[in-house]
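Note sheet for the following structure.
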Amino acid sequence: MPLSRAIAAHTERGGSWMLPEAKGGDLLYVSTDNDGVYVFEYPSGIIAGNLNVFFSPEGLCSDSVGNVFITDFVGHDIVEYAHGGDKPIKRLTDGSAFSPTDCAVDATTGNLAATQGDSSGVLIFRKAKGHPQEFFNSGGIMENCTYDPKGNLFTNNFYRHHTPLIGELPRGSSSFKNLKVDKFIKPLSGMRWDGKYLAVGGLFGDTVYQVHVSSAAATIVGTTHLYGTKYVEWFWTAKDRVINADVASGVIGICDYPGGGSPLRTIEYVAAPHAVTLSLVSH
């Protein structure tokens, strides 16, 4: 069923909805400017649900059991859903009007990190609950974040520097260190640990860069070109695929990774998609 017809068929229910069978398979979550968060079966792209209790959903992330976290920039909180669920199971806030943009879950601890698009501070919620601790990085405003398998947190440093910087908060540390990228990518965009390298997007571009991180530097060792895209902000990597949200064309592209090229599959007519995340039941 086309996306518009599927949404219309459930409109009379009001509020968020999810197909009952959605809980049994892998799901792709997509945040949008206008229509909340779409949920699709993965990799088929069949619409499975819509979550629409947000003011301005931005970043998305998921944990090892498939729970999904959605940052609400204007709503000033982070909303957690169980895999395939249509009702929030938790709301996280720092007790003030913070504006979360992106999030990431540390597989080693269960901690949840959240960047704030208007701040040089990143919030970390221990075991994804309670009141967060804030860590500041004088290197610049942090828009996106991701963890590596060892529990090190990485962020992009936005706007304040003519040279691109990647911030790293090593596991157990209270202080960021900033790594200069060896080639010019400005500004940096979405981030994701791809299993071997730090994958970093270039905003307004069609490229995802593979970055080798050492103790003092970040070196670009590969590139993935996404053909036909216009304006990719955030993306998600999973095994040999990269899923990208093209906010300009309203298309979600699923491409070979790291090979890139033209999409192997697309999900179209998604109004102003921002971030994507996979919630997996098959590992």
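The values are calculated or read from the model by the stated rules, or taken from the named source; none is laboratory data. Being a predicted model, the structure only gives us computed values, none of them experimental. Please note: Cβ atoms are built from the backbone with ideal geometry, for glycine as well, and neighbour counts cover all protein chains shown.
Just checking, does region 157-168 include any residue being loosely packed, with under 14 Cβ neighbours inside 10 Å, of a type in the set (Lys, Arg) and at pLDDT 95 or above? It would help to see each step written out before you state the result.
Going through region 157-168, the residues loosely packed, with under 14 Cβ neighbours inside 10 Å turn out to be 159-160, 162-163.
This time we only want the ones that are of a type in the set (Lys, Arg), so: 160.
With the extra rule that they be at pLDDT 95 or above, the set shrinks to none.
So far as region 157-168 goes, no, none of its residues is loosely packed, with under 14 Cβ neighbours inside 10 Å, of a type in the set (Lys, Arg) and at pLDDT 95 or above.
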Within the set of pairs 6+ apart or on separate chains, which have a first residue in region 117-129 that is touching a residue at least 60 places away in the same chain (Cβ under 8 Å), a second that is assigned to a loop (DSSP other than H, G, I, E, B), and C-beta atoms under 9 Å apart? Ala128/Asp63; Ala128/Asn67; Ala128/Gly110; Ala128/Asn111
Name the single residue that is surrounded by the most Cβ atoms within 10 Å (Cβ to Cβ) among those in region 216-233 being in contact with a Pro (Cβ under 9 Å, 6 or more places away or on another chain) and hydrophobic (A, V, I, L, M, F, W, C). Ala218
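With the structure loaded, tell me whether Glu134 is buried (at least 20 other Cβ atoms within 10 Å of the Cβ) and either of a type in the set (Asp, Glu) or in a loop (DSSP other than H, G, I, E, B) (or both) or whether it fails that test. Walk me through it before giving the result.
Details: buried (at least 20 other Cβ atoms within 10 Å of the Cβ): no; either of a type in the set (Asp, Glu) or in a loop (DSSP other than H, G, I, E, B) (or both): yes.
Here the answer is no, as Glu134 does not meet what is asked.
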Checking Val30 against (1) assigned to a strand (DSSP E or B); (2) modelled with pLDDT under 95, the condition it does not meet: (2)
Taking only region 72-85 into account, find how many residues are in a strand (DSSP E or B) and modelled with pLDDT of 95 or more. 4
Take the residues in region 51-67 that are of a type in the set (Gly, Ala, Ser) and touching a residue at least 40 places away in the same chain (Cβ under 8 Å); name whichever of them is farthest from Tyr147 (Cα to Cα). Gly66
What is the one condition in (1) assigned to a strand (DSSP E or B); (2) at pLDDT 95 or above that Pro88 does not satisfy? (1)
Residues within region 53-67 that are buried (at least 18 other Cβ atoms within 10 Å of the Cβ) and either part of a loop (DSSP other than H, G, I, E, B) or of a type in the set (Phe, Trp, Tyr) (or both), tallied: 4
Which residues, taken from region 106-158, are under 19 Å from Phe73 (Cβ atoms) and touching a helix residue (DSSP H, G or I) at 6+ places or on another chain (Cβ under 9 Å)? Leu112, Pro132
Of the numbered conditions (1) surrounded by 20 or more Cβ atoms within 10 Å (Cβ to Cβ); (2) under 17 Å from the mean Cα position of the chain (by Cα), Leu280 fails exactly one; give the number of that condition. (1)
Subset of region 193-215 (residues that are of a type in the set (Val, Ile, Thr), buried (at least 18 other Cβ atoms within 10 Å of the Cβ) and under 11 Å from Phe235 (Cα atoms)): Val200, Val208
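Which of the residues that make up region 91-123 are in a loop (DSSP other than H, G, I, E, B), at pLDDT below 95 and either closer than 17 Å to Asn156 by Cβ or within 16 Å of the chain's Cα centre (by Cα) (or both)?
Of everything in region 91-123, those that are in a loop (DSSP other than H, G, I, E, B), at pLDDT below 95 and either closer than 17 Å to Asn156 by Cβ or within 16 Å of the chain's Cα centre (by Cα) (or both) turn out to be Ser99, Gly117, Asp118, Ser119, Ser120.
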Among (1) over 27 Å from Asn50 (Cβ atoms); (2) crowded, with 18+ Cβ neighbours inside 10 Å; (3) touching an Asp or Glu at 6+ places or on another chain (Cβ under 7 Å), the one test that Val251 misses: (1)
Options Ile78, Ile89, Ile70; residue that is surrounded by fewer than 20 Cβ atoms within 10 Å (Cβ to Cβ) and either in contact (Cβ under 8 Å) with a residue 12 or more places away in the chain or farther than 23 Å from Gly24 by Cβ (or both): Ile89
Test: Ile243 is touching a helix residue (DSSP H, G or I) at 6+ places or on another chain (Cβ under 9 Å) and buried (at least 24 other Cβ atoms within 10 Å of the Cβ): no
Residue hits (region 33-48; farther than 15 Å from Ile70 by Cα and either touching a helix residue (DSSP H, G or I) at 6+ places or on another chain (Cβ under 8 Å) or assigned to a strand (DSSP E or B) (or both)) are Phe40, Glu41, Ile47, Ala48
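Ile47: at pLDDT 95 or above and closer than 13 Å to Ser279 by Cα, yes or no?
No: the conditions fail for Ile47.
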Among the residues in region 221-235, are any among the charged types (D, E, K, R) and modelled with pLDDT of 90 or more? no
